[in-house]
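Working notes for the structure below.
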Amino acid sequence: MRNIRKRFAEEGLEAALNERPHPGAKPKLDGKQEAFLVALACSDPPEGREHWTMQLLADRLVELGVVESISDETVRRVLKKTTSSPGRKDSGVSAR
């Protein structure tokens, strides 16, 4: 509330009623990298594995030079935005 009053005093009614855009954090992956990750998750898992894990996917993205580094949590968040369901047989990805 204090910020709104301050904005009103300094910039007027219109500025007080309309918030400025919040920049937020820069995405870890661009659209092309996200698409690559989804395609990778839908591909066959490495030999000797029944499913992809978040960590395996993260490691493979680094190995292939798609990204310099990425966490398994970022992989999980990106895949969560898609219609894939990690852990389900038809998605090819396992949560662990």
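Quick look at the values:
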{"item": "Count of the stretch 49-62 residues which are surrounded by 15 or more Cβ atoms within 10 Å (Cβ to Cβ) and in a helix (DSSP H, G or I)", "result": "7"}
{"item": "Pairs, first closer than 14 Å to Glu34 by Cβ in the stretch 46-68, second not basic (Lys, Arg) and not in a helix (DSSP H, G or I), C-beta under 8 Å, six or more apart", "result": "Leu57/Val93; Ala58/Ile70; Ala58/Ser71; Leu61/Val67; Leu61/Ile70; Val67/Leu29"}
{"item": "Qualifying residue in the stretch 1-8 (condition: at pLDDT below 95, touching a helix residue (DSSP H, G or I) at 6+ places or on another chain (Cβ under 7 Å), assigned to a helix (DSSP H, G or I) and among the basic types (Lys, Arg))", "result": "yes"}
{"item": "Condition met for Gly65 (loosely packed, with under 14 Cβ neighbours inside 10 Å and at pLDDT below 95)", "result": "no"}
{"item": "Residues satisfying the stated conditions in the stretch 9-29, i.e. part of a helix (DSSP H, G or I), of a type outside the set (Asp, Glu) and without any contact (Cβ under 8 Å) to a residue 12 or more places away in the chain", "result": "Ala9, Leu13, Ala15, Leu17"}
{"item": "Flag for Pro46 being touching a Leu at 6+ places or on another chain (Cβ under 8 Å) and either modelled with pLDDT of 95 or more or exposed (fewer than 15 other Cβ atoms within 10 Å of the Cβ) (or both)", "result": "yes"}
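The values are calculated or read from the model by the stated rules, or taken from the named source; none is laboratory data. Quick caveat, the model's predicted, so the values are computed rather than measured. Virtual Cβ from ideal backbone geometry, glycine too; neighbours counted across all protein chains shown.
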